[in-house]
1. How large is Rg/Rh for the chain, to two decimals, with Cα atoms and a Kirkwood Rh?
2. At 0.36 nm per residue, minus the direct Cα-Cα distance, what do K13 and Y63 gain on full extension? Give it in nm, one decimal, please.
3. What accessible surface, in Å², does a 1.4 Å probe find on T53, ignoring ligands, DNA and RNA and rounding to the nearest 10?
4. Considering only protein heavy atoms, what is the solvent-accessible area of R102 at a probe of 1.4 Å, reported in Å² to the nearest 10?
5. Given only helices, namely DSSP H runs of n ≥ 4 each adding -39500 (n - 2.57), what is the per-residue ellipticity at 222 nm of the chain, to the nearest 500 deg cm²/dmol?
6. State to the nearest 20 debye the size of the charge dipole of the chain about its Cα centre, where the only charges are +1 on K and R beta carbons and -1 on D and E beta carbons.
7. Mind checking the angle between helix 33-48 and the chain's longest principal axis? C-alpha axes, 0 to 90 degrees, to the nearest 10.
8. Which lysines does K48 reach when only Cα atoms under 21 Å apart count, and residues fewer than 8 places away in its own chain are ignored?
Amino acid sequence: MSIRSTNTLRMEKRGAILLVALSRTNKHNAVNDELYTDLANMLDESAKDDSITAVVLTGSGKYFSSGADLTDAKSSFLPDEDGNSRDTLNKPAGQFMMAMFRFPKVLV
């Protein structure tokens with residue numbers, strides 16, 4: 001696996017451990033759809049990499065995360081225009097949750 005940082009994640013491999021820092025310091029690391037997608041992709045890629053035994057999530061700056069970015073108009077947690085929220089698992093937040101459930105290694 002090629003460890004690559006993204007717009008929303010900084011990644012560093014230390015031995016068999018992948019350190020992943022949320023990197024939206026201007027929003028106190030609030031999680032938006034882009035960050036959910038990057039996290040899900042990182043977990044899926046890390047699961048396939050035999051040289052990684054654990055992933056440690058941390059935050060950049062003063063905060064780990066202030067939670068979901070509710071100012072993001074496309075937030076995975078907001079209901080659609082009809083007030084329907086049952087499609088959450090198909091949205092980025094749901095995809096991240098499923099990636100965590102599937103992840104076969106230590107996740108801190």
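1. Taking Rg over the Kirkwood Rh, I get 0.99.
2. Stretched fully, the K13-Y63 segment lengthens by 15.9 nm.
3. Taking all protein chains as shown, T53 has close to 80 Å².
4. 140
5. -8000 deg cm²/dmol
6. Dipole about the Cα centre, nearest 20: 520 debye.
7. 30
8. Straight-line reach from K48, under 21 Å: K13, K105.
The values are calculated or read from the model by the stated rules, or taken from the named source; none is laboratory data. Source: prediction; values computed, not measured. Glycine also receives a Cβ, built like all others from the backbone with ideal geometry; neighbour counts cover every protein chain displayed. Just the protein is used for accessible areas: all its heavy atoms, side chains included, with ligands, DNA and RNA removed. Shrake-Rupley method; radii C 1.70, N 1.55, O 1.52, S 1.80 Å.
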